[in-house]
Amino acid sequence: MHGLALAAARLLTRVAAIFLLAMMALNVIDVGLRSGFNAPIFGTYEIIELFLAAAAFLAIPEVFLRDQHITIELIDQVVPARAVRWLKLIGTFVALVFVALLAWHMTQPAREFIEFNDVTIDLHLPIIWKASLVLAAFAFATVAVLVMFLREVSSVLRRVE
C-alpha cells in the first residue's frame, strides 16, 4: 500500500513541478513582453495564483510519505527509543487529524464557489478550479498521512512484541 501511495504522491509532485515551470515561464514571458513591447499578458496574476496553488499543495503528500518535514529533535537524545517511537506515532496521529480537518473544512468554501459561481476578476476563471486543486491535494495528503500512521502503528506494535 505504501508503494502505491508513494507512486501516486510522486505523480502529484511531478504535476506540481510542471505547474511551477509553467508559472516561471509565464512570468518570464510576461516581463519580456511588458519590457520589450509594453504588452503584458492580460490576467497573468490570476493564472500565476492558480499555478502557485497547484505547485504548493500538490507536493505535500510526497513530503508526508517520505517523512521529510522539518523537525526539531529536542528530546530524542534524552528519552528512550521506545518513547521516541510513541511520540512519533502521536505526532503522526495529530497530523492525520489536522490534515483531515483541513480537507473537511475546505469542502464548504468549495461548495459555495460552485453555488455562487464565483469567478476571478479579470479572466472570469471559476474559483472552484483553484479550490479543487487545493481540496484534492488535502484529500491526497490525508491518505498519505493515514498510510504513514498505519506504518507507525505497525512499527510500534512490532517493537512491543
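The values are calculated or read from the model by the stated rules, or taken from the named source; none is laboratory data. Note that the structure is predicted; figures quoted are calculated from it, not measured. No Cβ is skipped: glycine too gets one built from the backbone with ideal geometry, and neighbour counts run over all protein chains shown.
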query: Do the conditions hold for Glu73, that is, is it of a type in the set (Asp, Glu), in a helix (DSSP H, G or I) and either out of contact with any helix residue (DSSP H, G or I) (no Cβ under 7 Å at 6 or more places or on another chain) or on the phi < 0 side of the Ramachandran plot (or both)?
result: no
query: Tally time: how many residues in the range 105-150 are hydrophobic (A, V, I, L, M, F, W, C), in a helix (DSSP H, G or I) and closer than 26 Å to Ala17 by Cα?
result: 20
message: Based on this model, can you work out whether Arg111 counts as among the basic types (Lys, Arg), at pLDDT 95 or above and exposed (fewer than 14 other Cβ atoms within 10 Å of the Cβ)?
response: yes
- prompt: Can you tell me how many residues in the range 51-91 are surrounded by fewer than 21 Cβ atoms within 10 Å (Cβ to Cβ) and more than 30 Å from Leu26 (Cα to Cα)?
  reply: 24
Of all residues in the range 122-137 being surrounded by fewer than 16 Cβ atoms within 10 Å (Cβ to Cβ) and hydrophobic (A, V, I, L, M, F, W, C), the one that is farthest from Ala100 (Cα to Cα): Leu123
Number of positions in the range 1-46 that are small (Gly, Ala, Ser) and outside any helix (DSSP H, G or I): 2
statement: Residues of the range 143-152 being touching a Phe, Trp or Tyr at 6+ places or on another chain (Cβ under 9 Å) and either closer than 15 Å to Gln108 by Cα or not charged (D, E, K, R) (or both), in sequence order, are Ala144, Val145, Val147, Met148, Phe149
message: Given the criterion farther than 30 Å from Trp129 by Cα and in contact (Cβ under 8 Å) with a residue 24 or more places away in the chain, identify the matching residue among Leu58, Leu89, Leu96.
response: Leu89
